[in-house]
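Enquirer: My structure is below; once you've seen it, I'll send some questions.
Every read-out reported here was derived from the displayed coordinates using simple, explicitly stated rules and does not represent laboratory data. Quantities reported herein were computed from a predicted structural model and do not represent experimental measurements. Backbone-built Cβ (ideal geometry, glycine too); neighbour counts: all protein chains shown.
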Amino acid sequence: MILSPTLITDAGVVMLVVLVVLGFATTVSKTFRARHDHRALLRVRKLRPFVLAAMEHPADNVATLSQLPRKERDAFVALARGLLPHLRGVDRERLVQILETTRLIDAALRQTHSRSPIRRARAAELLGLAGVARSQPELVRLLRDRDRDVRRTAARALGIVGDPRSVRALLDSLDGPRAVPVNAVTMAILRIGAPATTELRSLLLHGPPATRAVAAELLGLIGSTGAVPGLVGVLESDAGIELHIRAARALGRIGAPQATAALAACLAPDQPAPLRAVTARALGDIGGVRALSVLLTTTRSPEHVVASNAARALVTVGGEGITMLRHAATQPGRAGAYAREALSVAGLDAVELDPRGVA
Amino acid sequence: MKIVVAEDETEIRELIKFKLESAGFEVHAEADGESALRTARRVLPDVIVVDWMMPRMNGIELCQAVRADASLTGTAVLLLTAKSQERDVQRGFAAGVDDYMVKPFSPRELVTRVEAVASRARSR
């Protein structure tokens, strides 16, 4: 088909008009946005002295803040969001109290149902920053929100609120089409800290496999000594390599000497190499006489990462572990090489290979 | 007593300024390290409250510049930062700060500490 010159010209004109209209619309939109942001900034600037004065003398100033029009109330919330993450002590408590008195917390609770994902996320953020305990059920609901950012913000907020009843919901949120990113969930539970361990210990024993693995990891990061029997039980069960690895790492982080026998059993040659590698490091973190001989034996392992980790674990044990390594370093063969490498990486004295031992 | 505040986050800067002014200090607030150093050289403050992470010149560089300036020998430096690791604290003191506060912080405690470092600096 041959296009006529008129048709080509007309198409060009249409394209030009479309481009001009798009360019104009973009400019108008940018100008509108810039003016909107500038006005919001001005409102915050105008409001700031009242908020700071209210934090200093609440009785004299809260009444003014209670009667603000909607846009000024938004400015107050923006200001509070800027301050709360950096504050502790009386000033923080007063700012939260002012937000309560002026019913901005109630408004945020309502906005968790807003049709706008931005409003839902901002509401969740404020409720978290203010540590509003009664917002826990709403924030748990938002863990299944259709918007990813809202879900992530809700997880973070639940961590700050710190209610251990959120732990199960947070871990459940790792699965499904509306999953929350694992780092947001783990950070939230770590922030809840020790109060989370009761639920985590229960989930370690009775949760689905993926949840059990994350629970084991978290118990180790929190350093829950009460979780040691459960973690040892997991190691001795047929829970699968993923869970065994997490449990071994957790026991090392907790530094549980009562787990030494169970960990030593995981270093048996018939165990998978990834488990033996992690277990070697864990035994190094725990230390103790019983760990030494099994770690020294493991430096002769045929798998590089296992032998290397065992040698480095002996450095971590220190004292007798380093003495053993120094002796091993004088010997030829793989174990001697790993001993020398571990001593060198740790910046300890260089050890010469004993010429009498070389064939 | 004169204080220079170097903090790039507007809300924190304004809050610190308000608190210190309410406590009776003359406060000069700046949003970056370079401006804070210029202001410090002009007003010769008793204390500089410095955020670590700032544009242009960070808090550590500002502290080192203050310590290297003969006109600011009587000025105390208080570092206010979210960095709370042991090595961060060591780095701060190695740069010559007189006191170190970790965010989140209590503004009331900050005022007390400013008074304390100023008092120590005066008796040096």
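Enquirer: Can you sort B:67, A:168 by how many other beta carbons sit within 10 Å, fewest first?
Expert: Ordered from fewest to most neighbouring Cβ atoms within 10 Å, B:67, A:168 come out as B:67, A:168.
Enquirer: Quick one: net charge of residue A:118's neighbours, Cβ under 10 Å, K/R +1, D/E -1?
Expert: The answer is +1.
Enquirer: Projected onto the charge dipole of the stretch A:83-223 (+1 at Lys/Arg Cβ, -1 at Asp/Glu Cβ, origin at the Cα centre), which of A:112, A:183, A:132 gives the Cα projection farthest towards the positive end?
Expert: Positive-most Cα among the choices belongs to A:112.
Enquirer: Here's something else I'd like to know. With a/c under 1.5 counting as rounded, go ahead and sort the stretch A:1-139 into rounded, prolate or oblate using the C-alpha gyration tensor (a ≥ b ≥ c being the square roots of the eigenvalues; past the cut-off, prolate if a/b is larger than b/c, else oblate).
Expert: Numbers: a/c = 4.32, a/b = 2.61, b/c = 1.65.
Here the stretch A:1-139 falls in the prolate category.
Enquirer: Return the equivalent ellipsoid semi-axes of the stretch A:137-207 as a descending list in whole Å, where each equals the square root of 5 times an eigenvalue of the C-alpha gyration tensor.
Expert: 19, 13, 9
Enquirer: Continuing with the same structure: For the stretch B:62-112, take N as its residue count and report Rg(C-alpha) divided by 2.2 N^0.38 Å.
Expert: In units of the globular-protein estimate, the stretch B:62-112 measures up at 1.19.
Enquirer: For the stretch A:209-248 and the stretch A:106-159, what is the separation of their C-alpha centers, rounded to whole Å?
Expert: Cα centres, the stretch A:209-248 to the stretch A:106-159: 31 Å.
Enquirer: If you average the sequence gap of Cα pairs under 8 Å that are 6 or more apart and divide by the length of chain A, what percent do you get for the contact order?
Expert: 7 percent
Enquirer: Considering the Cα trace of the stretch A:209-284, what is its radius of gyration and what is Dmax, both in angstroms?
Expert: 10.7, 31
Enquirer: Hey, how much of the P(r) for the stretch A:270-347 falls beyond 20 Å, as a percent of Cα pairs? If you can, show how the numbers build up before the last one.
Expert: Working: 516 of 3003 pairs.
Considering the stretch A:270-347, 17 percent of its Cα-Cα pairs are separated by more than 20 Å.
Enquirer: How many angstrom separate the Cα center of the stretch A:286-327 from the Cα center of the stretch A:11-27?
Expert: Result: 72 Å between the Cα centres.
Enquirer: Output the relative contact order of the stretch A:128-252, whole-number percent, from Cα pairs under 8 angstrom with separation of 6+ residues.
Expert: So the answer I get is 19 percent.
Enquirer: Work out the length of the dipole vector of the stretch A:1-80 about its Cα centre, built from +1 on the beta-carbon of each Lys and Arg and -1 on the beta-carbon of each Asp and Glu, and round it to the nearest 20 debye.
Expert: For this selection, approximately 200 debye.
Enquirer: Taking the Cα centre of the protein assembly as shown as origin, sum charge times position over the Cβ atoms of Lys and Arg (+1) and Asp and Glu (-1), and report the length of that vector in debye to the nearest 20.
Expert: 1080 debye
Enquirer: Within the stretch B:32-63, name every residue whose backbone N is under 16 Å away from a label modeled 7 Å from Cα of residue B:8 along the Cβ vector.
Expert: Answer for the stretch B:32-63: B:32-37, B:50-63.
Enquirer: Inside 10 Å of the C-beta atoms of A:88-94, what's the mean count of C-beta atoms belonging to other chains?
Expert: Partner Cβ neighbours, averaged per residue: 4.
Enquirer: I've got another one for you. Which FRET efficiency value, to the nearest 0.05, is calculated for residue A:72 and residue A:134 with the Förster distance at 22 angstrom and r the Cβ-Cβ distance?
Expert: 0.30
Enquirer: For peptide A:77-87, how many partner chain Cβ atoms fall within 10 Å of a residue's Cβ, on average?
Expert: Average per residue, whole number: 4.
Enquirer: OK, next. Suppose every K and R has +1 on its Cβ and every D and E has -1 on its Cβ; what is the size of the dipole of the stretch B:1-100 about the Cα centre, in Debye to the nearest 20? Numbers along the way, then the final one.
Expert: Working: 12 positive and 18 negative charges, 56 e Å.
Magnitude of the dipole: close to 260 debye.
Enquirer: Is the stretch B:1-72 best put as rounded, prolate or oblate by its Cα gyration tensor, with a ≥ b ≥ c the root eigenvalues, rounded for a/c under 1.5, and otherwise prolate when a/b is larger than b/c, oblate when not?
Expert: oblate
Enquirer: While we're looking at this one, here's another question. Rounded, prolate or oblate for chain B? Axes are the square roots of the Cα gyration tensor eigenvalues, ordered a ≥ b ≥ c, and the cut-off for rounded is a/c under 1.5.
Expert: On the way: a/c = 1.16, a/b = 1.02, b/c = 1.13.
Rounded.
Enquirer: What's the angle, to the nearest 10 degrees (0 to 90), between helix A:5-56's Cα axis and the longest principal axis of chain A?
Expert: Between helix and principal axis, roughly 80 degrees.
Enquirer: Next question. Say the cut-off is 19 Å between C-alpha atoms; which of B:17/B:83; A:46/A:71; B:17/B:103 go over it?
Expert: Violating the 19 Å Cα-Cα cut-off are B:17/B:83.
Enquirer: Assuming a viscosity of 1.306 mPa s and a temperature of 10 °C, what translational diffusion coefficient in µm² per second does Stokes-Einstein assign to the protein assembly as shown, Rh being the Kirkwood radius over Cα pairs?
Expert: Numbers: Rh = 27.4 Å.
Translational D for this selection: 58 µm²/s.
Enquirer: Which of the listed residues, A:335, A:29, B:22, is farthest toward the dipole's positive end in the protein assembly as shown, when Lys, Arg count +1 and Asp, Glu count -1 at the beta-carbon?
Expert: Toward the positive end, the furthest listed residue is A:29.
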